[in-house]
1. Please arrange Val229, Val344 by counting, for each residue, the other beta carbons lying within 10 Å of its beta carbon, fewest first.
2. If we count other beta carbons within 10 Å of each Cβ, what is the order of Ser49, Ser62, Ser101, fewest first?
3. Run the simple label-point estimate for Ser174 and Asp263 please: 7 Å along Cα→C-beta, distance reported in nm.
4. Pairs Lys236/Lys272; Lys56/Lys88; Lys55/Lys387; Lys161/Lys190: which exceed 22 Å Cα-Cα?
5. What list do you get for Glu301, Glu349 if you sort them by fewest beta carbons within 10 Å?
6. Could you calculate the FRET efficiency of Ser77 with Thr271 from 1/(1 + (r/R0)^6), where r is the beta carbon distance between them and R0 is 56 Å, rounded to 0.05?
7. Sorted by average packing, counted as other Cβ atoms within 10 angstrom per residue and highest first, what order do 50-60, 359-369, 162-172, 241-251 take?
Amino acid sequence: MKDNIQLPLDDTFATKPTSEETSSGQEYSTGILPCQVIEELIECNDITSDETISKKQIQPASLDLRLGKVAYRVRASFLPGPGVRVEKRLKSFKMHEIDLSHGAVLEKGCVYVIPLCETLRLKKDVSGLVNPKSSAGRLDIFTRVISDGTLEFDTIGAGYKGPIYAEIIPLTFSVKVRSGTTLSQLRLRKGAPPPFETDMRRLHESSPLVGAPGNSEVNIKKTGVAFTVDLEGDGKDKLIGYRAKNHAGVIDVDKINHYEPLDFWDPIYKTKENRLILDIDEFYILASKETVTVPPTHAAEMRAYDTSVGEFRVHYAGFFDPGFGYNDSQSGSRAVLEVRSHDVPFVLEDRQRVGRLVYERLTAIPNQIYGTKIGSNYQSQKLKLSKHFK
């Protein structure tokens, strides 16, 4: 195994939970692993890389995964299947190789597979779950992770040992990436704790998970905490969302606060009916009506599809780290929705239920929580484009 991982231990985390936040003080045998345990896995070479793993990659309950030095343009998306290595499938499906050392453009509508810098050596009771990072989802970059022998995207089996790969399909904008770019985040789960409706209700009573607008009751089921869409807007202009332009320029994903929004997006404003018709396969940025709070003891995931409420996807980057929307006033942050309708046009109404959040307990309180003090980009957000736009 590689032994060149360097992780400075004398640099304490910028934000630690307060004594009130850690009052439970409990540790659990199952759940999502917090940042300090991820750090330990790096130290003992359960997570390795040829390139030094930066402290900046470690989030409160996840690890940012970096693109490697080469991208493979492939004919189609694929899964390797039982007993088959991704490398073998690449030999069958790759069309050409692209050097990412100095940056390269991934074209809209094309499928790429990129070996990631990180390699895993998971213990038999630890599995992996992967989501696109929020900024990738808001650019409509369809990003999934595959591993050797897998039958599923974004799921890494317990005890897996080997390389991992990103499958990237830019759906709306062509994007420029390079070796070291981070588009995905890895969570590690010990054991298999199921979500329980009673646990989420109890958690909501102690620390409201979703701030219901008006007098609406919060809908909590074993499938998660329901949230709705905001088509009324805030402020005088009543901006409710954005629709992506179909023929915009290239976006360099490592350039922050750089691009003019109107070069890439058409603003959408409130209508008299508080209604929006989603056109087939168009990409929209909208916001939840409710505010969302993730207490330091838990992480949350937004279900991408809920066919019971319509044939549309509401989220590509569905993971919320501990501390999202959690601050002194506990007022919460809006969830930004990355929306695409499939097969048929679909009518959305203000306050229409569009999805659910599933909360999962961590094995321990993380040493850092999501927030502006650690440079988190989307704390206290309302409707917001990705960090690449001015």
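FYI, it's all coordinate maths here, none of it is from the lab. It should be emphasised that the depicted structure is a prediction, and the values quoted were computed from it without experimental measurement. Please note: Cβ atoms are built from the backbone with ideal geometry, for glycine as well, and neighbour counts cover all protein chains shown.
1. Details: Val229 25, Val344 10.
Fewest-to-most ranking of Val229, Val344: Val344, Val229.
2. Values: Ser49 19, Ser62 26, Ser101 11.
By the 10 Å Cβ count, ascending, the order reads Ser101, Ser49, Ser62.
3. With each label point 7 Å from Cα toward Cβ, the separation is 1.5 nm.
4. Details: Lys236/Lys272 14 Å; Lys56/Lys88 33 Å; Lys55/Lys387 20 Å; Lys161/Lys190 16 Å.
Going by Cα-Cα distance, Lys56/Lys88 fall outside the 22 Å limit.
5. Values: Glu301 20, Glu349 13.
The fewest-first ordering by Cβ neighbours comes to Glu349, Glu301.
6. Working: r = 37 Å, r/R0 = 0.66.
For Ser77 and Thr271, the calculated efficiency is 0.95.
7. Working: 50-60: 18.5, 359-369: 22.7, 162-172: 20.8, 241-251: 16.0.
Most protected by this proxy first, the peptides run 359-369, 162-172, 50-60, 241-251.
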